[in-house]
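Colleague: Structure in structure tokens, see below.
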Amino acid sequence: MIPVLQRFLNPSVLAGISGLDLVAKTVVDGFVSGLHRSPDFGFSQEFAEYRAYTPGDDLRHVDWNVFARTERCYLKRYRGETNTLLTVLVDASASMGYSSHQVSKIDYARFAAASIFYLAHQQRDAAGLIVFDDEVRNYIKPSTRQGQLHRLLHGIEHAEPGARTDFAKPFLHFQEFLKRRGIVVVMSDFYETPERIVKTVEPLRYHGNELILFHVLDPNEIRPKLREPVILVDLETQQSMEVSPDYANHEYTRKMDSHIEELKTLAQRSGIDYYLMSTDRPLDGALREYLSIRQGRM
């Protein structure tokens, strides 16, 4: 029997639900229910928010008890004192349309983003959205005003795989309009060199933002299963190449593992959080990672 939580969060089940609002509610309600039963991870609508200390912050807000245990500085804020500013950037480039099963990468990103927006809405946080490929395709300014959740879900619903990825433009756009520090979540398959990705996004970290990279990949991209040679076509460049099972099982796998590990290492070295999301896995991992950072439990 499938555990209740996994049944709620299974991507193939979510794909059969009509409407991102119902998907988000299903995921968050199931996830929160699981947290309530978990002995090692608490959840409360009125939790105290922790944010990593950055130079210039008022030391009176530092939680010295946490510092004594971890030797890391966090500022403690309570409900009513502040609301988090959350912006989610969703990669809608052509490669995000790939799927080896029922759920494509863009669908998985939609489910995860919608769930995070629903959770932020419940916590009265200001949430916004940027959809991009080689251009910014949609921008919804972070807000807590009435109807914002509907606007965000509508924006995600209409995010369709388009052209090639260009990380520079959405992040320049974002920095231009970013006036307050907050949490920035980037959902992408990150088909670019890890060094360029991190160099592009790390300026946001310098300005005191919490930055999370959700690396969305299809399981067949991580561990391809080929029984005979095939012709693979790049969805963004349309270039093709013949791939043998031996290459896929050895050389390709080695390169993919190296790409993932390098991106993770460079990100963490720059104070950026990284999380690999395989599109066949339940969404609890993504939400747990987001809440860990949201609550300063890194």
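Colleague: How large is ³J(HN,Hα), in whole Hz, for each residue of the stretch 187-197 in order, when computed from phi with the Karplus curve 6.51 cos²θ - 1.76 cosθ + 1.60 and θ = phi - 60°, using x for Gly and Pro?
Modeller: So the J values, rounded to whole Hz, are 10, 7, 8, 6, 7, 7, 5, x, 4, 5, 4.
Colleague: Oh, and also: If amide hydrogens are placed 1.01 Å from N in the peptide plane, which non-local residues have theirs closer than 5 Å to the one on Ala126?
Modeller: Hits under the 5 Å cutoff: Thr84, Leu86.
Colleague: Continuing with this model, one more query. Based on the mean of other Cβ atoms within 10 Å per residue, sort peptides 106-114, 181-189 so the most packed one is first.
Modeller: Final packing ranking: 106-114, 181-189.
Colleague: Please label the shape of the stretch 124-210 as rounded, prolate or oblate, based on the square roots a ≥ b ≥ c of the eigenvalues of the alpha-carbon gyration tensor (a/c under 1.5 means rounded; beyond that, a/b larger than b/c means prolate, else oblate).
Modeller: Judged from the Cα gyration tensor, the stretch 124-210 comes out oblate (a/c at least 1.5, b/c at or above a/b).
Colleague: Another one. Given the stretch 83-294, what percent of its DSSP beta bridges are antiparallel, to the nearest 5?
Modeller: Counting DSSP beta bridges with both partners in the stretch 83-294, the antiparallel share is about 25 percent.
Colleague: For the pair Arg288/Arg145, report the inter-label distance in nm, with labels modelled 7 Å from Cα in the Cβ direction.
Modeller: The two pseudo-label positions are separated by 3.8 nm.
Colleague: What does the charge count around Leu20 come to, taking other residues whose C-beta lies under 9 Å from its C-beta (Lys +1, Arg +1, Asp -1, Glu -1)?
Modeller: With Lys, Arg at +1 and Asp, Glu at -1, the neighbours total -1.
Colleague: Please give the charge dipole size of the stretch 83-294, origin at the Cα centre, charges +1 on K and R Cβ atoms and -1 on D and E Cβ atoms. Round to the nearest 20 debye.
Modeller: Its charge dipole is roughly 1060 debye.
Colleague: When we measure straight from the Cα of Lys169, which lysines land under 21 angstrom away, once same-chain ones fewer than 8 places off are left out?
Modeller: Counting by Cα, and skipping residues close in sequence, Lys169 has these lysines nearby: Lys141, Lys179, Lys199.
Colleague: Would you mind checking which residues have amide H under 5 Å from Leu211's amide H? H placed 1.01 Å from N; only 5 or more apart, or other chain.
Modeller: Amide H neighbours of Leu211: Val184, Asp273.
Colleague: Obtain the nm distance between the two label points defined at Arg72 and Ala163 by a simple spin-label model: each point lies 7 Å from its Cα along the Cα-to-C-beta direction.
Modeller: 3.9
Colleague: Okay, moving on. If amide hydrogens are placed 1.01 Å from N in the peptide plane, which non-local residues have theirs closer than 5 Å to the one on Arg137?
Modeller: Under 5 Å from the amide H of Arg137: Val131, Phe132.
Colleague: Follow-up question, since we're still on this one. ³J(HN,Hα) across the stretch 212-225 via Karplus (A = 6.51, B = -1.76, C = 1.60, θ = phi - 60°), whole Hz, x for Gly/Pro?
Modeller: Here the 3J(HN,Hα) series is 10, 9, 9, 8, 8, 9, 6, x, 6, 7, 7, 9, x, 10 Hz.
Just so you know, all these numbers are worked out from the coordinates, no wet-lab data involved. Please read these numbers as outputs of a predicted model, since none were measured by experiment. Glycine gets a Cβ as well: all are built from the backbone with ideal geometry, and neighbour counts include every protein chain shown.
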